[in-house]
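Heads up, the thing below is written out as C-alpha cells.
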Amino acid sequence: MEVKKKLNSKTIISFLALSALAAALTTSGKSSFSIQQVAIQIPPIHPAILYARAHAKYGVEVPHNVSLAARSAKFDSLAATPFQNDVGYLCPVKLGRNTLMLDFDTGSSNLWAFTKNTPGVGSHRTYDPNTGIYLPEYSWSVSYGTGFSVYGDIYLDQVSVGRITYHKQAIGTAEGFRPPEFVKDHRMVFDGILGLAFSQINTVIPVRQNTFYENVKNDLSQPVFAAYLKHKAPGTYDFGFIDHKKHKGDLVWVEVDASYGFWNLTISGYAVGSFASFIPFHAIVDTGTTLLLLEQRIVHGYYGDIPSAHDSEHAGGYIFRCNEKIPDLILIIGHHRAVIPGDHIKYDSNGTWCYGGLQTSHHPHYGILGDVFLKSQHVVFNSSNLHKPRIGIANQR
C-alpha cells in the first residue's frame, strides 16, 4: 500500500484501505499475563476535585458546594494542611515506539494519549504519531463537564499491553483542551487513558472504534480481564486468566446491563453494622473514578453511625473526625457480600478531619463503584458474549 506524507508529517491512508485495517491481527497464539501498576508521585489534590471530576465524567451537573470546594481547596474555616494523597497508580503501555503510563478506565471507551504537541504537555511521556497511520476526516473528543473537554486526531498504530500487541489500534492524540488550563486544574499525572468500557460509548467520529480489550479478547487464553487494585499499594490487571489466589471463596458471577455502554450491575442492598436494606439499585464498576458514589439514602444512613460525620458545605462532601471508628460497608451483589473496610472509606486526611471516600451520587440512574470499592474486591470482566456480558466478583484474599 502506498503511503503519503502530509506537510506536518502525518501519515495518510485512504478510506478504501479501512476495511483491510479492520482485519489487523494481534500477536500469534493465545496470551495471558499480568500488568503491575506503578506508583506515581502526584501533587497534593483536594478530594473535592475528585468528587467533582466523577460527576463531570458522567455528564452530571456538579453540585455548587462541591464545585466551590474543588476550586478553592479550602477546608471549612480551619487553617489546616491541605488534604494530600500523593501517590497514584498507573500502567505501562507501549504505543508505537513509546512507552507511556496510562490510566486503565472501565468507565470510558477511548484510548488517547499526549503528544509533544499537546498544549501544556509539560513532563508527560508522549506518543509519537509519526509511527502510526493517520485517518483523515476522523476525530475524537471527550467532555469532562461543562466547559471542559479534550479533543484531537485519530491514528492507527500498534499497541502493546503485557505480552499482547494489536497492530492497528485506534489512538486518539490530545491536540487540545478546552479551556487550555484543564490539564493543570485537573492534576493529570497520567499520560493518557486506555478505555475498557463498551465500544458503543467510544467517541470517535464518523465511525466508532473498538477498545483494546475488544480487539484482543479472542486472542487471550480466556476472553477476560481482571482488576486487582490494592489499598495504598500497587495492584495488577490480569488479561486472559483468572488468578483464584487473589480472592476468598468462589467468584460470584452477575449479569451486566451494558445498554448504556458501561459495566453496570444491580446491587441487591447494603448493610452497616446490624442494619440492612434490600432496596435494589444500580452502579457502574469504574476503575477510572477514585471515590465510591451511592444513593443519598445509603450515604446518609452510613454516616449516621459516625457521630462527627456531616455533609460539609465548605469541604464539598461528607467529613468526619479521623480518630473515630469507621464501620465497614457491605454491598450485596448477587450472592456476594462485598465488604468495604472502614479504613478504605477514611479516604484522605488533613490531620484532624477525614474526607469520606463514600459520597452521594447525583446521577439519576446509577452509582459509581470507584477505587474505594475496588481496592477490597477482585473483579473479573467478561464480554465474550456481547449479549450477556458479566462480572465475577469476590472479596480480596
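The values are calculated or read from the model by the stated rules, or taken from the named source; none is laboratory data. Note that the structure is a prediction, hence the values are computed from the model and not measured. Note that each Cβ is placed from the backbone with ideal geometry, even for glycine, and that neighbours are counted across all protein chains shown.
Quick grid of which residues meet (1) part of a loop (DSSP other than H, G, I, E, B); (2) among the charged types (D, E, K, R); (3) modelled with pLDDT of 50 or more; (4) exposed (fewer than 14 other Cβ atoms within 10 Å of the Cβ):
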residue	(1), (2), (3), (4)
GLU2	yes, yes, no, yes
ALA23	yes, no, no, yes
ILE45	yes, no, yes, no
ARG71	no, yes, yes, no
### Message
Which of the numbered conditions does ARG397 fail, given that it passes all the others? Conditions: (1) farther than 15 Å from VAL254 by Cβ; (2) touching a residue at least 60 places away in the same chain (Cβ under 8 Å); (3) surrounded by 18 or more Cβ atoms within 10 Å (Cβ to Cβ); (4) of a type outside the set (Ser, Thr, Tyr).
### Response
(3)
### Cross-chain or 6+ apart pairs with Cβ under 8 Å, segment 301-317 first and farther than 24 Å from HIS64 by Cβ and at pLDDT below 95, then among the hydrophobic types (A, V, I, L, M, F, W, C) and outside any loop (DSSP other than H, G, I, E, B)
ASP305/VAL272
### Query
If only one of HIS300, HIS387 is more than 30 Å from VAL216 (Cα to Cα) and outside any strand (DSSP E or B), which one is it?
HIS300
### Query
Exactly one of (1) touching a Leu at 6+ places or on another chain (Cβ under 6 Å); (2) under 28 Å from ARG321 (Cβ atoms) is unmet by ALA394. Its number?
(2)
### Query
Consider LEU386 against the criteria (1) within 30 Å of PRO44 (Cβ to Cβ); (2) at pLDDT below 95; (3) of a type in the set (A, V, I, L, M, F, W, C): it satisfies all of them except one. Which criterion is unmet?
(1)
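Listed here are the residues, each with its yes/no results for (1) exposed (fewer than 15 other Cβ atoms within 10 Å of the Cβ); (2) in the same structural domain as VAL207 (by TED's automatic domain parsing); (3) at pLDDT 95 or above.
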| position | (1), (2), (3) |
| --- | --- |
| VAL62 | no, no, no |
| LEU78 | yes, no, no |
| THR99 | yes, yes, yes |
| TYR127 | no, yes, yes |
| ILE133 | no, yes, yes |
| GLU137 | yes, yes, yes |
### Task
May I ask you to list the residues in segment 261-297 that are at negative phi, free of Cβ contacts under 8 Å to residues at least 60 places away in the same chain and either part of a loop (DSSP other than H, G, I, E, B) or buried (at least 17 other Cβ atoms within 10 Å of the Cβ) (or both)?
VAL272, SER274, PHE278, ILE279, PRO280
#### Entry: Looking only at segment 330-340, and only at residues there that are out of contact with any Leu (no Cβ under 7 Å at 6 or more places or on another chain) and not β-branched (Val, Ile, Thr), the one that is surrounded by the most Cβ atoms within 10 Å (Cβ to Cβ)
LEU331
### Task
State yes or no: is ASP219 surrounded by 21 or more Cβ atoms within 10 Å (Cβ to Cβ), under 29 Å from THR131 (Cα atoms) and touching a strand residue (DSSP E or B) at 6+ places or on another chain (Cβ under 9 Å)?
no
### Task
Would you kindly identify the strands (runs of 3 or more DSSP E) lying entirely within segment 187-249 that contain at least 1 residues that are within 30 Å of TYR347 (Cα to Cα) and among the charged types (D, E, K, R)?
224-230, 233-239
### Task
Could you list all residues from segment 341-356 that are charged (D, E, K, R), part of a strand (DSSP E or B) and either surrounded by fewer than 19 Cβ atoms within 10 Å (Cβ to Cβ) or free of Cβ contacts under 8 Å to residues at least 40 places away in the same chain (or both)?
LYS346
